[in-house]
Amino acid sequence: MRVRTRAGSRGRLSRLAVGGAVLALLATGCTGAPGTEAVDRPASSADGGEASDDDGGSSSDDGQSTSDDGASTGSAAPAEVPEGLEEFYEQELAWESCDGGECATLSVPINYEEPDGETIELSLLRVPAGDSKQGSLVVNPGGPGGSGVDYATQAGLVVSDGVREHFDIVGFDPRGVARSAPIECFDDTQMDDYLGADPTPDDAAEEEASTELVKNFAAACEENGGELLGHVSTVEVARDMDVLRAALGEDQLDYLGASYGTFIGATYAELFPASVGRFVLDGAIDPTMSGKDMGLGQAAGFEQATREYVQSCVDGGDCPLGDDVDSGMEGITAFLDELDANPLPLDGDAAGELTEGWGVLGIIVAMYDEGAWPILTQALRAAQDGDPTTLMFLANIYAGRSSDGVYDGNSMQAITAVNCLDRAAEPELDREQVLAEFEEVAPTFGRYLAGEGACAYWPVEAQTVLEDYDGEGAAPIVVIGTTRDPATPYEWAVSLADTLSSGVLISYDGDGHTAYGRSNDCVDGAVDAYLTEGTVPEDGLSC
């Protein structure tokens, strides 16, 4: 999930994007061991096996087996097709070979309340399983705005070899994202101005310019987004995912969602609990939070992560920020203040200069993966010497942008469109009071994360907003939280696991964003055993 800035951007940066630019990850130790409770496969699953009760569970009246502790284990009867949506649920996918796997499109209605109206095509990609195929595992990297198609092409990094052997890895670009009827408000040049703009206005003129910019963004979205702009909420993405489940021929959905992808998963579980198969939600979002509370959580998370980074920098010796953590944090503030007053000329990048706005993104992106910390140190040292190239390189990773000013997708625009529907602005909040709250929990980054951005002027509202996310009746859902995750703080995972009636929590004691595939054998082993064998981890497993 990318951090929310005053420009209104909030979401997730895939660890895979950072991975190409950072040093190797360091694994940590693990305590505890996976449990032995097993989740049955549906009798009509792709492997053709029959559901069993090897874990000692019993069958409930609704056809789902249950474990000894009463948790649903996911062998429900096939879900009924919602009335009026038969043509969508009964469509057949025409897979064709493409770069990275096999591609197809899925037709869905723009407005589920008007299924006879306009439709859009969602882009899909699957990487076929090996000889031991059990079914399909749908994956989502988060965002909002992350491309599931691009994510699936990196299946070897997204999941283990064992999971790949047993599952087709299927990614989809959510509605309004990338190849799926993308929401595009600003052109690339306008996006450069938007992201590079002053995030901390110092006087009335700068405040007016900042307000005008976000108003213009919202107005451009209204002008260019059409009917779809009001229908890119997470509820609608989850409904699309159920159509995808049916089109894949699965009675239940197996799913791996990271960061914002956990919000999609939790929403799906609430809407379609009987269709939940093996769900893993990594880097979890608490779906019950307000936008302000989410921002405060991220502010505290990035503040903590940055202090951990500065400590590492100091311990490494010759840290360009200072000789201790407090002076290092003050050094970051002073550096950004200097960029505000005097942006650094930038050769070889269409942006032309490294502004405070770009500088913040360059620093924040490194907090998603501790493997990027050494590069950030190099970038800050070089910038202090007048060369901002490396720091701008990091900012470009965050923005999904190349140095020629071309964006590789619409993630930085879709993220606002989705968030403004999911968590509408709270106009009754006192701006100065909110800013003071953010700066109290995050003296360095609070000023950048406070505010509603473009959502304060958003022209449409969500058609449906959920009030509950307990997913009553769903099979066990594995929720993973990392103790020093900056973008999705650990407390959110604890809350989501408690909120879900069948939530099972895995805790990873570490830094960075998400845990599966980038932490240790304890996390990876528990997730792999759950996905491939149905072995539910011990609730509260600590890694």
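Listing for the model above:
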quantity	calculated
Residue ID - modelled with the lowest pLDDT, chosen from residues in segment 441-451 that are in contact with a Phe, Trp or Tyr (Cβ under 9 Å, 6 or more places away or on another chain) and part of a loop (DSSP other than H, G, I, E, B)	451
Residue match in segment 399-414 (condition: within 30 Å of residue 464 (Cα to Cα) and touching a Cys at 6+ places or on another chain (Cβ under 9 Å))	yes
Which listed residue is hydrophobic (A, V, I, L, M, F, W, C) and more than 21 Å from the chain's Cα centre (by Cα), from 515, 529	529
Residue count for segment 125-159, restricted to those that are more than 12 Å from residue 256 (Cα to Cα) and either assigned to a strand (DSSP E or B) or in contact (Cβ under 8 Å) with a residue 24 or more places away in the chain (or both)	21
Only listed residue being under 26 Å from residue 528 (Cα atoms), open to solvent by 10 Å² or more (accessible area, probe 1.4 Å) and of a type in the set (A, V, I, L, M, F, W, C), chosen from 238, 219, 274	274
Filtered residues of segment 267-277 (kept if in contact with a Gly (Cβ under 7 Å, 6 or more places away or on another chain), part of a helix (DSSP H, G or I) and among the small types (Gly, Ala, Ser))	269, 274
Residue list for segment 411-433, filter: open to solvent by 20 Å² or more (accessible area, probe 1.4 Å), part of a helix (DSSP H, G or I) and either among the hydrophobic types (A, V, I, L, M, F, W, C) or out of contact with any Ser or Thr (no Cβ under 8 Å at 6 or more places or on another chain) (or both)	431, 432, 433
Of residues in segment 308-333 being acidic (Asp, Glu) and outside any helix (DSSP H, G or I), the one nearest to residue 388 (Cα to Cα)	318
Members of segment 174-197 found to be farther than 19 Å from residue 103 by Cβ, open to solvent by 50 Å² or more (accessible area, probe 1.4 Å) and charged (D, E, K, R), listed by number	184, 187, 188, 193
Flag if residue 472 is of a type outside the set (Val, Ile, Thr), surrounded by fewer than 24 Cβ atoms within 10 Å (Cβ to Cβ) and not in a loop (DSSP other than H, G, I, E, B)	no
Residues that are crowded, with 24+ Cβ neighbours inside 10 Å and either among the polar types (S, T, N, Q) or in a helix (DSSP H, G or I) (or both), drawn from segment 486-495	488, 492, 493
Test: residue 288 is surrounded by fewer than 24 Cβ atoms within 10 Å (Cβ to Cβ), within 19 Å of the chain's Cα centre (by Cα) and polar (S, T, N, Q)	yes
Selection from segment 334-346 of residues that are within 11 Å of residue 388 (Cβ to Cβ) and either at pLDDT below 95 or open to solvent by less than 70 Å² (accessible area, probe 1.4 Å) (or both)	335, 339, 343, 344, 346
Members of segment 183-209 that are assigned to a helix (DSSP H, G or I) and in contact with a Gly (Cβ under 9 Å, 6 or more places away or on another chain)	188, 189, 191, 192, 194, 195, 196
Of residues in segment 199-208 being touching a residue at least 12 places away in the same chain (Cβ under 8 Å) and either out of contact with any helix residue (DSSP H, G or I) (no Cβ under 7 Å at 6 or more places or on another chain) or surrounded by fewer than 19 Cβ atoms within 10 Å (Cβ to Cβ) (or both), the one farthest from residue 404 (Cα to Cα)	202
Answer residue from segment 359-377, given it is within 14 Å of residue 335 (Cβ to Cβ) and over 21 Å from the mean Cα position of the chain (by Cα) and is most open to solvent (accessible area, probe 1.4 Å) among those	377
Residue check for residue 301: at positive phi and within 17 Å of the chain's Cα centre (by Cα)	no
Residue list for segment 124-146, restricted to those being open to solvent by 20 Å² or more (accessible area, probe 1.4 Å) and hydroxyl-bearing (Ser, Thr, Tyr)	132
Test result for residue 187, modelled with pLDDT under 95 and either acidic (Asp, Glu) or out of contact with any strand residue (DSSP E or B) (no Cβ under 6 Å at 6 or more places or on another chain) (or both)	no
Qualifying residues in segment 496-522 (those that are touching a helix residue (DSSP H, G or I) at 6+ places or on another chain (Cβ under 6 Å), at negative phi and part of a loop (DSSP other than H, G, I, E, B)) - the one surrounded by the fewest Cβ atoms within 10 Å (Cβ to Cβ)	518
Total residues in segment 288-297, condition touching a residue at least 24 places away in the same chain (Cβ under 8 Å) and either in contact with a Leu (Cβ under 7 Å, 6 or more places away or on another chain) or part of a helix (DSSP H, G or I) (or both)	6
Residue that is surrounded by the most Cβ atoms within 10 Å (Cβ to Cβ) [pool: residues in segment 298-330 that are over 24 Å from residue 489 (Cβ atoms) and touching a residue at least 12 places away in the same chain (Cβ under 8 Å)]	319
Number of the exception - residue 168 against (1) of a type outside the set (S, T, N, Q); (2) part of a helix (DSSP H, G or I); (3) out of contact with any helix residue (DSSP H, G or I) (no Cβ under 6 Å at 6 or more places or on another chain)	(2)
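Yes or no, residue by residue, for (1) β-branched (Val, Ile, Thr); (2) outside any helix (DSSP H, G or I); (3) closer than 26 Å to residue 481 by Cα:
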site: 245; (1), (2), (3): no, no, no
site: 264; (1), (2), (3): yes, no, yes
site: 279; (1), (2), (3): no, yes, yes
site: 299; (1), (2), (3): no, no, yes
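The values are calculated or read from the model by the stated rules, or taken from the named source; none is laboratory data. None of the values given here were measured: they were computed from a predicted structure. Don't worry about glycine lacking a Cβ; one is built from the backbone with ideal geometry, like all the others, and counts go over all protein chains shown. Note: areas computed on protein heavy atoms with side chains; ligands, DNA, RNA excluded. Shrake-Rupley method; radii C 1.70, N 1.55, O 1.52, S 1.80 Å.
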